[in-house]
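First comes the structure, then the notes that go with it.
The values are calculated or read from the model by the stated rules, or taken from the named source; none is laboratory data. None of the values given here were measured: they were computed from a predicted structure. Cβ coordinates were reconstructed from backbone atoms using ideal geometry, including for glycine residues, and neighbour counts include every protein chain displayed. Heavy atoms of the whole protein, side chains included, go into the accessibility calculation; ligands, DNA and RNA do not. Shrake-Rupley method; radii C 1.70, N 1.55, O 1.52, S 1.80 Å.
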Amino acid sequence: MGLTATKTKTAARRDVAKSRGGRPTKNAAIERDQRLIEVATRLFLDRGFDATSLDAVAEAARVSKPTVYSRYGDKRGLFAAVLRREISRWLAPLSAAAETQLGSPSDISVEQRLVEIGREMLTFTCGPDAVAFSRMMTSQAINFPDIAKLGKEEGWLKAVATTARFFDHLVAQGALDVEDTTITAEVFLDVVVGHTHRLATFGTAMEIKAAEKRMRAAIKLFLAGALGPADRVREAAKGTSRRRPSR
């Protein structure tokens, strides 16, 4: 009896380092939260949303159940915290790629800059973890609209804003001529990686070579526009037609 009580007290002390007032120290609380999120991320990826319980997370993270419930409220709150952290990880390469291209030499073409950004986007949006979380978010969106809202605000809108800032720079350089860089960014993201990401989410992922080939073709179309080169635009305005080349 005494031995069991001693073990229980020892396990409780291992939970987190406590301050003199009995509350976790700031560093210990941060370490505990990081461990919780890491463990929850792994369990959500391995088991899916429905099969992951807060009790399982608490046991795997070696923290008390009341700690998990008081910190996140319920499983939806924990999943939102995990999703927020994962989205920030996915956006980091996009921001880094955009910053790199902003500082690239002026002799590098706009097309090549967009290809480099598109390649980074393919890597992180079509990776297995991103796809798994996309599936979970989609499946839970009807029951928990706030999760879908979080995905939109923290993920899609921030990706659009980052890309729009890059286009603002290109417009200022005279490299692009567009009126609304936000709409331009939305179109760019959708045509360059949207289709490939959707296929991966549905379990029919493209091979990386095929995905990059499609990405390059989408960027060419994005830059040229549906009407194509300027001479073709003039011909269209005059009502003349050009025969398509045979395939």
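Give the residue, chosen from 47, 85, that is within 22 Å of residue 132 (Cα to Cα), open to solvent by 20 Å² or more (accessible area, probe 1.4 Å) and under 19 Å from the mean Cα position of the chain (by Cα).
Exactly one of 47, 85 is within 22 Å of residue 132 (Cα to Cα), open to solvent by 20 Å² or more (accessible area, probe 1.4 Å) and under 19 Å from the mean Cα position of the chain (by Cα), namely 85.
What are the residue pairs meeting all of these: first residue in the range 149-173, first residue in a helix (DSSP H, G or I), second residue open to solvent by 80 Å² or more (accessible area, probe 1.4 Å) and among the hydroxyl-bearing types (Ser, Thr, Tyr), Cβ atoms under 8 Å, and 6 or more apart or on different chains?
If the second residue must be open to solvent by 80 Å² or more (accessible area, probe 1.4 Å) and among the hydroxyl-bearing types (Ser, Thr, Tyr), the pairs left are 173/106.
Test of understanding: among 110, 192, which residue is in contact (Cβ under 8 Å) with a residue 60 or more places away in the chain, surrounded by fewer than 17 Cβ atoms within 10 Å (Cβ to Cβ) and not charged (D, E, K, R)? Full working, then the answer.
On the way: 192 fails: surrounded by fewer than 17 Cβ atoms within 10 Å (Cβ to Cβ).
Every option except 110 fails the conditions.
Please work out which one of (1) assigned to a helix (DSSP H, G or I); (2) at pLDDT 90 or above is the condition residue 52 fails and give its number.
Only one criterion is unmet by residue 52, namely (1).
Residues to consider are 29, 60; find the one that is farther than 13 Å from residue 82 by Cβ, in contact with a Leu (Cβ under 8 Å, 6 or more places away or on another chain), among the small types (Gly, Ala, Ser) and open to solvent by less than 60 Å² (accessible area, probe 1.4 Å).
Testing whether each residue is farther than 13 Å from residue 82 by Cβ, in contact with a Leu (Cβ under 8 Å, 6 or more places away or on another chain), among the small types (Gly, Ala, Ser) and open to solvent by less than 60 Å² (accessible area, probe 1.4 Å) leaves just 60.
Which members of the range 195-215 meet the condition of being among the aliphatic types (A, V, I, L, M) and either over 10 Å from residue 126 (Cα atoms) or open to solvent by less than 70 Å² (accessible area, probe 1.4 Å) (or both)? Spell out the reasoning first.
Step one: list which residues in the range 195-215 are among the aliphatic types (A, V, I, L, M), which gives 199-200, 205-206, 208, 210-211, 215.
Across the range 195-215, the qualifying residues are 199, 200, 206, 210, 211, 215.
Filter the range 63-82 for residues that are hydroxyl-bearing (Ser, Thr, Tyr) and without any contact (Cβ under 8 Å) to a residue 40 or more places away in the chain; which is least open to solvent (accessible area, probe 1.4 Å)?
Result: 72.
In the range 117-129, how many are without any contact (Cβ under 8 Å) to a residue 60 or more places away in the chain and assigned to a helix (DSSP H, G or I)?
Of the residues in that region, 5 qualify.
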